1. Is it possible to state the helix-based mean residue ellipticity at 222 nm for the chain, with each DSSP H run of 4+ residues giving -39500 (n - 2.57), the sum divided by total residues, to the nearest 500 deg cm²/dmol? What is it?
2. Under the Karplus relation 6.51 cos²θ - 1.76 cosθ + 1.60, θ = phi - 60°, what is the ordered set of whole-Hz ³J(HN,Hα) values for the stretch 86-93, x standing for Gly and Pro?
3. Does the stretch 191-321 come out rounded, prolate or oblate, given a ≥ b ≥ c as the square roots of the eigenvalues of its C-alpha gyration tensor, rounded meaning a/c under 1.5 and, failing that, prolate meaning a/b above b/c?
4. Relative to the present Cα-Cα distance, how much length would full extension add between Ala301 and Arg123 at 0.36 nm per residue of separation?
5. Subtract the Cα-Cα distance of Leu173 and Ala34 from 0.36 nm times their separation in residues, and report this length gain in nm to one decimal.
6. Need the C-alpha centroid separation for the stretch 291-306 versus the stretch 85-117, integer Å.
7. Scan the chain and hand back the longest stretch that contains none of the GluC sites (Glu not before Pro) lying in DSSP loops with at most 12 other Cβ atoms within 10 Å.
8. Using packing as a proxy for protection, rank 284-291, 296-303, 198-205, 66-73 so that the peptide with the highest average count of other Cβ atoms within 10 Å comes first.
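Here, each number is a calculation from the coordinates, and none is a lab measurement. In this text, all values refer to a predicted model and were calculated from it rather than measured experimentally. Note: ideal-geometry Cβ built from the backbone for every residue, glycine included; neighbour counts use all protein chains shown.
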Amino acid sequence: MPLNSSASARLRLNFHHHETKLAALLLVLGMALAATAPRFFSTVNLALLARSMGVLLIVSAGMLNVVLAGGIDVSAGAILAVVSVVLVRLGNHGLPASIVLPVGLLTGAGLGAVNAALIAELRIPPIVATLGTAGLFRGLLLEWTQGEWESSIPSWLNAIGSPRWGGLDVSVLAAVLVMLAAAWILDRTQMGRALFRFGDSPLAAARTGISVRQPVYFAYISLGLLTAIGAVFYAAQLGAVQGNAANGYELTVIAAVVLGGADILGGRGSLLGTFLGVLLLCSLQQALVLLHVATFWQNIATGAIVLIGVILSSTPRLGRKLILRQSPSP
């Protein structure tokens, strides 16, 4: 059955609570950095921070759709690598951007559709399906490239990655536009609302007339498409790509989304929370670099902050489940 008004109100309240906690955590981090690493707030460093957030925000917006629908996709890094190599190779063969960019976007959406079909049609669990396609996509890409680097990129792609506007590049503007469009879809469209209802309870969503396939296809194809958009800026910023590019990137994306308050079981999350999760994760990583913290401690700190985010995100749902279990049967 559809969410009633009181349930919707509780859902929004949970969003606000988690986002407030994240904002408070960011404030504490900011005060600590002001005392220990004031260079963090320099114009140059803030421009670098925004640049590092661009691609992650774009891909995270797509991953949020998947998580809202109760799924997970560990093939996003492989899709990012495939599209990056496709863009660079086709561009280096003399094809114009007007052809290469649409081909790259269609490649990403198509690979997302493969994941959706495996999950929606063959009923393969998302983690199993995307683990399999991650290996498949990555293996085919390595066979295609023979493990060699594409060490030069087309001039038009290089121009996309060139910093503008005081050190920022187009990826920042693209991320803003993607987040605004994603917010409109989630808040104003029937499909956006269906993602929440389907992820919260597929059976209840089906009883209200929501297709059990449409949310899955929309979530995974949108992630593939947004990952392809991110790949444009990823390749442009990196300046060279290879078959093993973006290895493990999907884990960073999932961490940012979950840190932002999205319930890994589906049905709960917000773009504002995702933005704050990306901001916190990127700020922490950049701060640790500025403080010359050893790499293994950076990994420990990042893992700890993600676990804290998961605990903060999961507490409301676990509390509701406990209350329901303790409630007497009618």
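1. -26000 deg cm²/dmol
2. Along the stretch 86-93, the couplings run 4, 4, 5, 5, 5, x, 6, 8 Hz.
3. oblate
4. So the extension gain works out to 60.4 nm.
5. Fully extending the segment from Leu173 to Ala34 adds 47.3 nm.
6. So the two Cα centres are separated by 35 Å.
7. 149-330
8. Ranked by mean Cβ neighbours within 10 Å, highest first: 66-73, 198-205, 284-291, 296-303.
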